[in-house]
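Chemist: Shown below is the structure under consideration.
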């Protein structure tokens, strides 16, 4: 799930995986680095907030060594490695995009 906050100008990524041991966020915004954006577990939900400039960003969650898409991503595009990548769309006004 992605929450865009117009007040803070941040995108909060959330993943409901209470049994996961480690979850990281990777995508265009961090050159797909699997370790640079660790997510924090809060009541079984993994979260991280990022200040992103307007644009579209490909991303995935790296959960216990495996890649996962966001089931609530704004859209999906084919990945060059097979399957799809999730997309978050950040507008200048930080209003959520409809699918």
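Chemist: Taking the stated definitions as given, is residue 59 touching a residue at least 40 places away in the same chain (Cβ under 8 Å) and either surrounded by 12 or more Cβ atoms within 10 Å (Cβ to Cβ) or out of contact with any strand residue (DSSP E or B) (no Cβ under 6 Å at 6 or more places or on another chain) (or both)?
Modeler: Spelling it out, residue 59 is indeed touching a residue at least 40 places away in the same chain (Cβ under 8 Å) and either surrounded by 12 or more Cβ atoms within 10 Å (Cβ to Cβ) or out of contact with any strand residue (DSSP E or B) (no Cβ under 6 Å at 6 or more places or on another chain) (or both).
Chemist: Given the criteria touching a residue at least 12 places away in the same chain (Cβ under 8 Å), surrounded by 12 or more Cβ atoms within 10 Å (Cβ to Cβ) and part of a loop (DSSP other than H, G, I, E, B), does residue 20 qualify? First the steps, then the outcome.
Modeler: Values: touching a residue at least 12 places away in the same chain (Cβ under 8 Å): yes; surrounded by 12 or more Cβ atoms within 10 Å (Cβ to Cβ): yes; part of a loop (DSSP other than H, G, I, E, B): yes.
Taking the combined requirement at face value, the residue satisfies it.
Chemist: Which one of these is outside any loop (DSSP other than H, G, I, E, B), within 14 Å of residue 13 (Cα to Cα) and out of contact with any helix residue (DSSP H, G or I) (no Cβ under 8 Å at 6 or more places or on another chain): 58, 47?
Modeler: Numbers: 58 fails: out of contact with any helix residue (DSSP H, G or I) (no Cβ under 8 Å at 6 or more places or on another chain).
47 is the lone residue from the list that is outside any loop (DSSP other than H, G, I, E, B), within 14 Å of residue 13 (Cα to Cα) and out of contact with any helix residue (DSSP H, G or I) (no Cβ under 8 Å at 6 or more places or on another chain).
Chemist: Would you say residue 3 is within 11 Å of the chain's Cα centre (by Cα) and buried (at least 16 other Cβ atoms within 10 Å of the Cβ)? Full working, then the answer.
Modeler: Values: within 11 Å of the chain's Cα centre (by Cα): yes; buried (at least 16 other Cβ atoms within 10 Å of the Cβ): no.
No; evaluated as a whole, the condition is false for this residue.
Chemist: Applying the selection to region 76-89, what residues are exposed (fewer than 14 other Cβ atoms within 10 Å of the Cβ) and either within 16 Å of residue 34 (Cα to Cα) or at pLDDT below 95 (or both)? Talk me through it step by step, then tell me what you get.
Modeler: From region 76-89, those exposed (fewer than 14 other Cβ atoms within 10 Å of the Cβ) are 77-78, 80-83; that's our starting set.
Residues satisfying the conditions are 80, 81, 82, 83.
The values are calculated or read from the model by the stated rules, or taken from the named source; none is laboratory data. Quick caveat, the model's predicted, so the values are computed rather than measured. Every residue, glycine among them, receives a Cβ derived from its backbone with ideal geometry; neighbour counts consider all protein chains shown.
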